[in-house]
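Input: a single structure, listed below in C-alpha cells.
The values are calculated or read from the model by the stated rules, or taken from the named source; none is laboratory data. The structure displayed is predicted, hence computed values, not measured ones. Please note: Cβ atoms are built from the backbone with ideal geometry, for glycine as well, and neighbour counts cover all protein chains shown.
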Amino acid sequence: MWSRFNEGGPNLTIAVMSTKTNPNKAVVLLSGGLDSTTCLAICKDAGFIPYAISFRYGQRHALELQRAEQIARDANVAQHAIIQLDLASFAGSALTDKNLAVPKHDSAEELGTDIPLTYVPARNTVFLSYALAWAEVLGAMDIYIGVNALDYSGYPDCRPEYIRAFETMANLATKSAVQGNRLVIHAPLITWTKSQIIRKGIELGVDYSKTLSCYDPGPQGQPCKHCDSCLLRTRGFEQNAMTDPSW
C-alpha cells in the first residue's frame with residue numbers, strides 16, 4: 001500500500017516495526033530527478049519491493065518533491081517517506097542559500113572540474129543515514145541510490161569510494177549487520193554516462209517527462225536549461241538522438 005509519512009512535521013515516525021529481514025524489500029532514494037527515477041526502475045526490475053524516501057531539506061528546487069510523489073505513485077512503491085530536514089540553516093550551497101546564484105552556462109562543455117557551488121555539504125551522508133535507519137526498521141538489506149561519477153557535477157559524495165566506505169560503515173553500525181544480515185548499497189548508475197542512464201530508463205519504460213532535474217526551475221517547474229544539471233541532462237538526450245520530453 002502506498003503511503004506517505006510525515007509531510008509536515010520535523011521527524012519521521014514509523015508505524016510498523018520489523019524484527020526480521022526481508023530480502024525482497026529495498027529502500028530507494030528518490031528525488032524526482034532523472035537519475036533517481038531510473039534507479040527506482042532498476043530496483044523494481046531487479047525484483048525488489050521498493051520503499052521510496054525523499055527529502056525536503058531546504059532546497060530551492062523543492063518542486064522536485066511533487067514529481068517524486070507522482071513517480072512513487074506511478075511506480076506503485078510500497079511506501080513513500082518524505083523527510084523534513086533543514087540543511088539550509090548551514091547555507092554554503094546555491095541549492096539551499098537563496099543569496100547565492102545557481103551557476104549557469106551555455107553548454108555542458110563549459111562545465112569545469114572544480115566542485116561547484118551547488119554542492120550541499122554532507123547531503124548524501126545525511127540522506128543515506130536516514131535510508132539506512134529505515135532499511136533496518138523494515139528488515140531490508142538493500143538500499144538504492146542514483147549517484148553518478150561520470151556525467152555529474154563533481155560532488156565528492158557521488159564517487160564509488162564514498163559508496164563503498166558508507167556501506168562498510170553501515171555494516172559496522174547496525175544491529176542487523178552485526179547479527180549477520182549484511183546491508184548492500186546499490187549505485188547502479190555510478191559508472192554510466194547520462195546517455196547510458198537515459199537509454200536504460202527508456203528500456204525500462206521510464207517516463208522522463210515527469211522528472212525534474214533543474215537546480216533553478218520556474219514556478220511551474222520549467223527547467224532553466226542552463227544549470228549544470230539541465231546541461232548534462234540535455235546532452236544525454238541529444239546523444240540518444242532525442243529531445244528532452246520535459247521541455
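Of all the residues in segment 125-162, those that are within 18 Å of CYS230 (Cβ to Cβ), assigned to a loop (DSSP other than H, G, I, E, B) and not hydroxyl-bearing (Ser, Thr, Tyr) number 5.
When we screen THR13, THR96 for residues that are over 20 Å from the mean Cα position of the chain (by Cα) and either at pLDDT 85 or above or not hydrophobic (A, V, I, L, M, F, W, C) (or both), the only hit is THR13.
Screening ASP207 against (1) crowded, with 17+ Cβ neighbours inside 10 Å; (2) of a type outside the set (A, V, I, L, M); (3) in contact (Cβ under 8 Å) with a residue 60 or more places away in the chain leaves a single unmet condition, (1). For LEU87, the conditions (1) surrounded by 18 or more Cβ atoms within 10 Å (Cβ to Cβ); (2) touching a helix residue (DSSP H, G or I) at 6+ places or on another chain (Cβ under 7 Å); (3) modelled with pLDDT of 95 or more are fulfilled apart from (3).
Counting only residues that are surrounded by 24 or more Cβ atoms within 10 Å (Cβ to Cβ) and touching a strand residue (DSSP E or B) at 6+ places or on another chain (Cβ under 6 Å), which one in segment 56-76 is farthest from LEU100 (Cα to Cα)? Here the residue is ALA72.
Select from segment 52-92 the residues that are assigned to a loop (DSSP other than H, G, I, E, B), farther than 17 Å from CYS214 by Cα, of a type in the set (A, V, I, L, M) and in contact (Cβ under 8 Å) with a residue 40 or more places away in the chain and list them in ascending order. Hits for segment 52-92 are VAL77, ALA78, LEU85.
With respect to (1) in contact (Cβ under 8 Å) with a residue 40 or more places away in the chain; (2) exposed (fewer than 15 other Cβ atoms within 10 Å of the Cβ); (3) among the basic types (Lys, Arg), the lone exception for ARG123 is condition (2). So, in segment 104-120, of the ones that are among the charged types (D, E, K, R) and in a loop (DSSP other than H, G, I, E, B), which residue ends up surrounded by the most Cβ atoms within 10 Å (Cβ to Cβ)? Out of the qualifying residues, it is LYS104. In this entry, GLU109 is excluded by the filter for residues that are modelled with pLDDT of 95 or more and acidic (Asp, Glu). Can we say PRO50 is farther than 30 Å from GLU203 by Cβ, surrounded by 18 or more Cβ atoms within 10 Å (Cβ to Cβ) and of a type outside the set (Gly, Ala, Ser)? In short, no. Looking only at segment 177-195, decide whether some residue is assigned to a helix (DSSP H, G or I) and more than 24 Å from ILE53 (Cβ to Cβ). Within segment 177-195, one or more residues are assigned to a helix (DSSP H, G or I) and more than 24 Å from ILE53 (Cβ to Cβ).
Applying the set (1) at pLDDT 95 or above; (2) touching a His at 6+ places or on another chain (Cβ under 6 Å) to SER209 leaves exactly one unmet item: (2). Hey, does segment 233-244 have a residue that's assigned to a loop (DSSP other than H, G, I, E, B) and either within 24 Å of GLY154 (Cα to Cα) or in contact (Cβ under 8 Å) with a residue 60 or more places away in the chain (or both)? Looking for residues that are assigned to a loop (DSSP other than H, G, I, E, B) and either within 24 Å of GLY154 (Cα to Cα) or in contact (Cβ under 8 Å) with a residue 60 or more places away in the chain (or both), one finds at least one in segment 233-244, hence yes. In this structure, ALA140 qualifies as over 27 Å from GLN222 (Cβ atoms) and not β-branched (Val, Ile, Thr). It is to be established whether one or more residues within segment 142-165 are buried (at least 20 other Cβ atoms within 10 Å of the Cβ), among the small types (Gly, Ala, Ser) and over 30 Å from CYS214 (Cβ atoms). The answer is no, given that none of the residues of segment 142-165 is buried (at least 20 other Cβ atoms within 10 Å of the Cβ), among the small types (Gly, Ala, Ser) and over 30 Å from CYS214 (Cβ atoms).
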